[in-house]
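Working notes, structure below.
The values are calculated or read from the model by the stated rules, or taken from the named source; none is laboratory data. Just so it is clear, the model here is predicted, and its values are computed rather than measured. Virtual Cβ from ideal backbone geometry, glycine too; neighbours counted across all protein chains shown. We work out accessible area using only protein heavy atoms, side chains counted, and drop any ligands, DNA or RNA first. Shrake-Rupley method; radii C 1.70, N 1.55, O 1.52, S 1.80 Å.
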Amino acid sequence: MTNRIAVVTGATGGLGTAMCKALAAQGRAVVGTHLPGEEAQAKEWQAGLQQDGIEASVYPLDVTDFDGCKAFVAAVEKDLGPIDILVNNAGITNDAPLKRMQPEQWNQVINVNLTSMFNMCQQVFENMCERGFGRIVNISSLNGEKGQFGQCNYAATKAGIYGFTKSIAQEGARKGVTANSVSPGYIDTPMVRQVPEKVLNNIVAGIPVGHLGQPEDIARAVAYLTADEASFVTGTNMSVNGGQYMA
Ligand code: CAA
């Protein structure tokens with residue numbers, strides 16, 4: 001593996017941290033993004049990685065801000081060099097049954113989870129094509145595949161990611177740029193721990209392997225799809241969900 005630059009959005013969360021570690025283990029130069037205003041937590045995160053021997057860069061970024069994404073990519077390319085790997089991991093939930101979902105809840109989740117894909121990919125895609133190498137991984141969800149009570153906003157974004165990813169995979173295919181999605185099931189992260197205990201217990205009871213996944217389960221899928229050798233894998237989705245949904 002070469003010292004290619006890998007950007008992970010929403011890097012400081014449960015999944016993002018595991019992804020950064022896995023990419024660093026592959027010799028990538030890791031750049032993480034965090035929410036503007038969370039500088040102190042980001043510094044702590046960076047120091048935690050340093051203790052594991054990982055020198056990650058970290059930048060504030062609001063992935064819903066198109067111009068901000070453009071400025072971020074320009075800054076990374078100026079400070080460090082070209083971005084060869086992009087993992088669009090930033091995402092949120094804001095659950096409510098349809099009858100109670102507010103337009104703000106809908107729009108916020110669409111912007112953070114789906115519009116961010118466009119905002120980020122457009123900034124790196126042409127340069128990747130020109131250089132003849134790129135690896136894009138968009139983080140979707142089990143609930144984009146099957147839907148979920150209380151998540152019509154979230155599931156719509158995660159299903160939308162499939163169409164987006166397959167389209168840009170076609171656009172990059174002859175240029176050495178792959179695009180794939182990973183669909184985590186219920187993973188032991190702060191996002192999943194927000195689900196009310198009773199609801200979560202029912203969900204876990206429905207996972208064939210009998211337990212939540214670990215962030216490293218997802219990180220390994222990202223590492224595989226971003227490998228230099230994964231050039232023939234594009235436009236696909238990798239489900240990592242303990243057998244909870246088998247397409
Ligand atoms: N199917 C059918 N009915 C259901 C149901 C389900 N899965 N879940 C709840 N209901 C029913 C309840 O039994 C209840 O019925 P009654 O009114 O007849 O009693 C009614 O719907 C209301 O349910 P709640 O009391 O739970 O309603 P609420 O407003 O308090 O909460 C909710 C609604 C916020 C959506 C809550 O149910 C919830 O948090 N659900 C979990 C959603 C979820 O899985 N989120 C995943 C977050 S993690 C993630 O997204 C990561 C990933 O990618 C996998």
Q) Taking Cα centroids, how far is the stretch 1-25 from the stretch 166-235 in Å? A) 14
(Q) How much length would be gained if the chain were fully extended between A75 and Q50, taking 0.36 nm per residue of separation minus their Cα-Cα distance, in nm to one decimal? (A) 6.8 nm
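From Cα pairs below 8 angstrom and at least 6 apart in sequence, can you work out the relative contact order of the chain, rounded to a whole percent?
Relative contact order comes out at 20 percent.
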Q | 5 angstrom amide H check on V7, placed H, neighbours 5+ away | A | V31, I85, L86, V87
Q. Where in the chain are the helices, taken as whole DSSP H runs, whose Cα atoms extend 15 angstrom or more along the long axis and whose Kyte-Doolittle mean reaches at least 0.0?
A. 14-25, 66-79, 215-226
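Rounded to the nearest 20 Debye, what is the dipole magnitude of the chain about its Cα centre when Lys and Arg each give +1 and Asp and Glu each give -1 at the C-beta?
Value, rounded to 20: 600 debye.
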Q. Can you tell me the accessible area per residue over the chain, all protein chains present, probe 1.4 angstrom, in square angstrom?
A. 47
**Q.** Helix-only [θ]222 nm of the chain, DSSP H runs n ≥ 4, -39500 (n - 2.57) each, per residue, nearest 500
**A.** -14000 deg cm²/dmol
(Q) If you take every residue apart from S183 with its C-beta less than 11 Å away from the C-beta of S183, what net charge results, scoring Lys and Arg +1 and Asp and Glu -1? (A) +1
(Q) What's the magnitude of the charge dipole for the stretch 1-112 around its Cα centre, counting Lys and Arg as +1 and Asp and Glu as -1 at the beta-carbon? Answer in Debye, nearest 20. (A) 300
Q. On the accessible surface of the stretch 77-126, probed at 1.4 Å, how many percent belong to carbon and sulfur atoms?
A. 54
Q) If the limit is 25 Å between Cα atoms, which of K43/K166; K43/K78; K43/K70; K166/K198; K21/K175 go over it? A) K43/K166; K166/K198; K21/K175
